[in-house]
C-alpha cells in the first residue's frame, strides 16, 4: 500500500505542477489515446502500480483543466488545497458516512459543518441539513420535504400511502427554471402537467406579479443565481405572496446561495431567508471536489420525515444520523471536504473568494464591451453572456476559443440570442488570467469578424 501512496503522490504532483499553464481542453490526439484503456478484461491479476500508471498515462492528458484558473464553463470551481487534502484523506479513511456507527468522525464533521453554514448563511438554527451529491439531489431532497409537508397539512401521509389518490400539488417555476429542478420534480412524481411556468424579465428573473392565484397545495421554485445571467428572482415578493396562501417556497441556489456570505450582495439576496428550503452546490463556489451539494430545510422535522428509513441492522442512536437527512444510505464522507474548505478560508476568505470572482467578471465584461462586443446581461454576480454578432459568427468564435486552449467557455441560447457564457467560480482565477483570456478572445473575434 505504501508504494501505491508514493506513486500516487508522484503522479499527482506531476499533474498539478503545470495545471495553471497547460491548455484547458485536451487536444484530439490526447483524447484518442484514451482508446488504449479499452482492452479485453484479462483473467489474471495485474499489479496495482501498473494499473495506476496506465490510468495516468492515458487518462491525465485527456482531462479538462477545470481545476485551473481559466476554466469558465458550467459554473465549475477549482479545488481548494485544503479541500483536496481532505478528499484524499477521506479516500484513505474509506468511510461510509451513512450512519454514525460506521463513521463517527463523518457524522461529527457534518454537525460542525451544519453549525458553520447556518452561521455564514444566516439561516434559522432549527434548520435541517443534508449533505448530498449536488444541486439536483439538493433540490430533490428539499422538494421531497415540501411534498411531505404540504400533503401532511391535507391529512395525507405520502410516506405511507404514496401518491395514488393524493391531493394534487401544483408547482410554480419561472420560465428560466434550471433543468435540475425539473428533473427533481419528475423523480418525485410531480410531472410537467402540474408545473406552471411564470414569465421572466430580460435578466431571467421570475415576474412576481405574474404568479397566479394559489388555491391548491403549491410549491414555488425560485432561483438565486440564474445559470446564464447570475440574476436572482424577487424572492422577498414571492415569499410574501406565498405566505398569504400557505405555499412552500424553495430556492435553487446552486451557486448564488453563497452570495449570502457577502454583504455586498444584500440587494440580490433580499428575502432569501424567508423561504422554506434551499439547495446549493459546494463544488461550485465553495471550491470543493465533486460531488458535493447541500440541502437546507427550514423545519428539520419535514426533512427527517421525508428522508428517514430504518432497518434492524442499521444501528441508529439518538444522535444525528446522516442517512436520515439524505436519499442515500451508503455514501462517501463528503462533509470532510466542506469542513476543510470552511476551516481553511474562514468567513473572510469565503467572502474574498466570492467577491474576487465577481470583480473578475466585471472586468471581463468591461474589457469585451470596450472591444466592441455585446454583453447581453447585467453583470451582477459571476456570470457573463457575450454575443459576437449573429448566431453563426458567435458559434464559430466560441469553437475557435475552445480550440485555442487558453481558456474554455461554453455556448448557450439566451432569449433568442446565441451567446458565449463565461462563469468565473475558481479561487485560482486572477486578474491576469482574465486579461490573458480576454486578449485571446478579442484577437480571435476580431479576426473572424474581418473575414
Quick one: which of 135-147, 1-13 comes out on top by average Cβ neighbours within 10 Å, and what's the full order, highest first? 135-147, 1-13
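Starting from the Cα-Cα distance between residue 16 and residue 51, subtract it from 0.36 nm times their residue separation and give me the gain in nm to one decimal. Before the final figure, lay out each step's value.
On the way: separation 35, 0.36 × 35 = 12.60 nm, distance 2.00 nm.
Extending this stretch completely gives an extra 10.6 nm.
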As a test, work out the antiparallel percent of DSSP beta bridges whose residues both lie in the chain, rounded to the nearest 5. 60
For residue 207 and residue 168, FRET efficiency with R0 = 30 Å and r from the beta-carbon atoms, rounded to 0.05? 0.80
Once you have the Cα-Cα distance between residue 32 and residue 403, take 0.36 nm times their residue separation minus that, and quote the gain in nm to one decimal. 132.0 nm
Given R₀ = 30 Å, what would the calculated FRET efficiency be for residue 187 paired with residue 343, taking r from the Cβ atoms and rounding to 0.05? 0.35
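Need the full-extension length gain, residue 39 to residue 74, defined as separation in residues times 0.36 nm minus the C-alpha distance. One decimal, nm.
Using 0.36 nm per residue and subtracting the Cα-Cα distance, I get 9.4 nm.
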Scan (1) 172; (2) 154; (3) 139 for the value of volume of the Cα convex hull per residue in Å³ calculated from this model and give just the label. (1)
Given an 8 Å cut-off on Cα distances and at least 6 residues of separation, report the relative contact order of the range 86-340 as a percent. 33
Computed over the range 205-254, the relative contact order (Cα-Cα under 8 Å, seq sep at least six) in percent reads 46
Using R₀ = 60 Å, calculate the FRET efficiency as 1/(1 + (r/R₀)^6) where r is the Cβ-Cβ separation of residue 451 and residue 108; round to 0.05. 0.45
At the level of C-alpha centres, the distance separating the range 242-312 and the range 386-419, in angstrom, is 32
With contacts defined as alpha carbon pairs under 8 Å and 6 or more residues apart, what's the relative contact order of the chain in percent? 23
Once you put a point 7 Å from the Cα of residue 194 and another 7 Å from the Cα of residue 160, both along the Cβ direction, what distance in nm separates them? 2.0
On a C-alpha basis, how far is the centre of the range 19-60 from the centre of the range 117-163 in Å? Whole number, if you could? 41
Using helices alone, what [θ] at 222 nm do you get for the chain, with -39,500 (n - 2.57) per DSSP H run of 4 or more residues, divided over all residues and rounded to the nearest 500? -13000 deg cm²/dmol
Once label points are set 7 Å from the Cα along Cα→Cβ at both residue 442 and residue 5, what is their separation, rounded to one decimal in nm? 5.0
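Bear in mind these aren't lab numbers, they're just calculated from the coordinates by the rules spelled out. These figures come from a predicted structure and were not determined experimentally. Cβ atoms come from the backbone with ideal geometry, glycine included; neighbour counts cover every protein chain shown.
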